[in-house]
Structures are given as structure tokens and as C-alpha cells.
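Colleague: Take a look at this one; I'll ask things after.
The values are calculated or read from the model by the stated rules, or taken from the named source; none is laboratory data. Note that this is a predicted model, so its numbers are computed, not measured. We place every Cβ from the backbone using ideal geometry, glycine too, and count neighbours over all the protein chains shown. For accessibility, only protein heavy atoms count, side chains too; no ligands or nucleic acids. Shrake-Rupley method; radii C 1.70, N 1.55, O 1.52, S 1.80 Å.
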Amino acid sequence: MIPTAFDYQVPATLEEAISLLAADPDGAKVLAGGHSLIPAMKLRLAQPQLLVDIARIKSLAYIREEGNQILIGATTTHYQLESSELLKQICPLLPQCAASIGDVQVRNKGTIGGSIAHSDPAGDWPAAVLALDAELVLVGPNGERTVKATDFFVGLMTTDLQPGEILREIRIAKPSGRFGHSYQKAPHPASGFAVVGIAVQLDLNDDGSCKAARVGVTGVSTKAYRAQGVETALAGASLDEQTIASAAAHACDGIDPSKDLYASGEYRCALAQVYTRRAIQAAKNGGG
Ligand SMILES: Cc1cc2nc3c(=O)[nH]c(=O)nc-3n(C[C@H](O)[C@H](O)[C@H](O)COP(=O)(O)OP(=O)(O)OC[C@H]3O[C@@H](n4cnc5c(N)ncnc54)[C@H](O)[C@@H]3O)c2cc1C
């Protein structure tokens, strides 16, 4: 289908983008990679009057270390994250997650900020930023604020972003000490999106037991979530097969799983438990 008519602006700076959005906070929309928004416009699920293209604001695409944090600009593409040598060394969960997204074209255009802002229930980044306990920096006409990823995802394709606000940066505490990571995804055979995607970040003691665990889950429900039952069962535990299996059984605690033509709620939860077990196992062994 063809989208409804819209205007298009390419601001040179973030400040210019904010004032363009502020002029029409309900009718204007941010355009980043366009790999979710343009399809939605073609289906007329979204009918913005103005697109504010932030993908060309060079200062919004970066990956850098600052103190004990990793800072990622919102328009950094999936490919830039996948191929970052820095991230492979200091936070390998991010490149692993990026590599699982779509195909080469999608990874070259799609952005981490766009994916998080879009909050597709089957998107991969929400699981990873939850497992890394990220903070999201939002900027709008009233200034800047920081929101924890755990508070950002509100419901089906709904986030804490307010009209006129832009997600500017993703901040992640640099993993330190001995740690393990893994992103395990059961992709839908047609779309490649996650039927289930499990991101695990483990802090490990010297003897290999689990100091603390964070588990982000996507695909299972209307929004990504932290599997707190799994995290509690792993904290302080030795990571033997039995402990991992019983912890993974909590992957859907308190969750009403989504159902569609491909997967019933029961199947989704069973899959989530299996992939959680696999992800913990892989993280325990160092990652991947
Ligand atoms: C064929 C195909 C396969 C795909 N497969 C996968 C997959 O396997 N896994 C996966 O996770 N995703 C997948 N995607 C989606 C892809 O990752 C998108 O790139 C991503 O969801 C959205 O990022 P974007 O930069 O393209 O955002 P856009 O499409 O430009 O924007 C999406 C939404 O976010 C808003 N937005 C964008 N950036 C910001 C910002 N910085 N601040 C505030 N709001 C913002 C826009 O206004 C819009 O509402 C696929 C897409 C396609 C077309």
C-alpha cells in the first residue's frame, strides 16, 4: 500500500529536531532507520503528518566508554553494534543480540534507538537492554530525563516516551569482574522476529557460582520483561544442571503469554523455559 501524504524534514541538530517535533507533537514522528515505521505507514497503521529524520544527525551515532559506563547513541545501527570490536570485548551481549536481528539490509539501516522506541513485542533489543539494566536518556522540549529500561516498556508498542521526546542515548554499566552472557532466540520461520528471545547476563563468583543474574525476555508477552523468578532462583546458586533447569522453569511466572497462528501461549512458555535454560548454560560457560 501507499502511505498517506506527509511532510519530511531533515534537521541538522538534535535541538532542531526537538523544535520540529514540539511544533506538532501529535502529528510529527521521528524517523530513524525506517524499518518499522515505513512498513507501518504503508499499512496505514501510522499516519504521521511530518517525519523528522534524525538518522542524519551525525552526533547521535556512537559507541564509547565513559568512566564505568558504555554510551550508545540512539541512531547507532544494528550493524555498528554487531561489528564493534570494543563491545565484543567489554559487553559481548550487545553484538550477539545485534547479529540476531533480521538480515544484512535491516541491520545496516535499523537503529537501536528505533527498536527500543518502537517496542515491538518480538523485537530483540528490549530483552538485551533489560538484561543489562540499561538507562535510557530521553530529551524533549522540557529538557532531559533518564529512565531505567525496566520502567520504559509500558505495554504493547507503548513506552514511557512522551509526545515530542526523542530517545537520545542508551547507557549501560560496564560489566566487571567475572561475567557471562548469552542471547538465545527462537526466530519465527517467516519473519525472523523472536517467537522467544532470552538475554542473560550473569555476575559470577570465582568458583563459577552465580553472584547475580539478570534475564530479559522478549516475544512471550505484549512487552519485554525481566524474568525475576529466574533471577531470584539463580542468585547465590551453584550453576549445576538441576539448578539451571529449575530456575528456567520460572521464565513465564506472572505472565499472560501471547498466542497467535504460529504459537499458543503454552508453547511460547515451554519454548521460553527451554531457551532460558540454554541461555543460562551458555552464559555460565562464558557466553555466546
Ligand atoms: C524485514 C525486516 C526484518 C526485521 N527483523 C527484525 C528482527 O529479527 N528483530 C528485531 O528486533 N527487529 C527486526 N526488524 C525491525 C528492525 O530492527 C527495525 O530497524 C527496528 O525495529 C526499528 O528501528 P528503526 O531505526 O528502523 O526505527 P524507525 O522504523 O525509523 O522507527 C520506529 C519507531 O520508533 C520511533 N523512533 C525511532 N527512533 C527514535 C528515537 N531515537 N527516539 C524516539 N522515537 C524514535 C519512530 O517514530 C517510530 O515510531 C525487522 C524489520 C524488517 C523490515
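Colleague: Quick check on G114: is it within 8 Å of the ligand (Cβ to nearest atom) and either in contact with a helix residue (DSSP H, G or I) (Cβ under 8 Å, 6 or more places away or on another chain) or at pLDDT 95 or above (or both)?
Modeller: Criteria met by G114.
Colleague: If you take the residues in the stretch 179-232 that are surrounded by fewer than 24 Cβ atoms within 10 Å (Cβ to Cβ) and of a type in the set (S, T, N, Q), which one is nearest to the ligand (Cβ to nearest atom)?
Modeller: My answer is S191.
Colleague: If you don't mind, another one. Specify which of the listed residues (L161, L138) is near the ligand (Cβ under 9 Å from one of its atoms), surrounded by fewer than 20 Cβ atoms within 10 Å (Cβ to Cβ), over 30 Å from G286 (Cβ atoms) and over 14 Å from the mean Cα position of the chain (by Cα).
Modeller: The conditions single out L161.
Colleague: Okay, next question. Just name the residue that is farthest from the ligand (Cβ to nearest atom) out of those in the stretch 43-60 that are under 21 Å from N108 (Cα atoms) and either among the acidic types (D, E) or open to solvent by 80 Å² or more (accessible area, probe 1.4 Å) (or both).
Modeller: Selected residue: K58.
Colleague: Can you name every residue in the stretch 63-93 that is more than 10 Å from the ligand (Cβ to nearest atom), in a loop (DSSP other than H, G, I, E, B) and either touching a Lys or Arg at 6+ places or on another chain (Cβ under 6 Å) or open to solvent by 30 Å² or more (accessible area, probe 1.4 Å) (or both)?
Modeller: Those that are more than 10 Å from the ligand (Cβ to nearest atom), in a loop (DSSP other than H, G, I, E, B) and either touching a Lys or Arg at 6+ places or on another chain (Cβ under 6 Å) or open to solvent by 30 Å² or more (accessible area, probe 1.4 Å) (or both): G67, N68, S83.
Colleague: Same structure, new question: Quick one: how many residues across the stretch 143-158 are in contact with a strand residue (DSSP E or B) (Cβ under 8 Å, 6 or more places away or on another chain) and open to solvent by 30 Å² or more (accessible area, probe 1.4 Å)?
Modeller: Residues in the stretch 143-158 being in contact with a strand residue (DSSP E or B) (Cβ under 8 Å, 6 or more places away or on another chain) and open to solvent by 30 Å² or more (accessible area, probe 1.4 Å): 5 in total.
Colleague: Any residue at all in the stretch 78-91 that is in contact (Cβ under 8 Å) with a residue 60 or more places away in the chain and in contact with a helix residue (DSSP H, G or I) (Cβ under 9 Å, 6 or more places away or on another chain)?
Modeller: no
Colleague: Restricting attention to the stretch 234-249, which residues are free of Cβ contacts under 8 Å to residues at least 40 places away in the same chain and surrounded by 20 or more Cβ atoms within 10 Å (Cβ to Cβ)?
Modeller: A247, A248 - these are the residues of the stretch 234-249 that are free of Cβ contacts under 8 Å to residues at least 40 places away in the same chain and surrounded by 20 or more Cβ atoms within 10 Å (Cβ to Cβ).
Colleague: What are the pairs, 6+ residues apart or on separate chains, where a residue within the stretch 173-201 that is under 22 Å from D120 (Cβ atoms) has its Cβ under 7 Å from a residue that is among the charged types (D, E, K, R) and within 16 Å of the ligand (Cβ to nearest atom)?
Modeller: K185/D124; A194/D124; A194/K185; G197/D124; G197/K185
Colleague: Further question: For T276, work out the one condition from (1) open to solvent by less than 10 Å² (accessible area, probe 1.4 Å); (2) in contact with an Asp or Glu (Cβ under 8 Å, 6 or more places away or on another chain) it doesn't fulfil.
Modeller: That leaves (2) as the condition not met.
Colleague: Output the residues belonging to the stretch 14-40 that are farther than 18 Å from Q162 by Cβ and either away from the ligand (no atom under 14 Å from the Cβ) or open to solvent by 80 Å² or more (accessible area, probe 1.4 Å) (or both).
Modeller: Selection gives E16, H35.
Colleague: Now a separate question. Does I280 qualify as being under 20 Å from the mean Cα position of the chain (by Cα) and over 21 Å from G123 (Cβ atoms)?
Modeller: Answer is yes for this residue.
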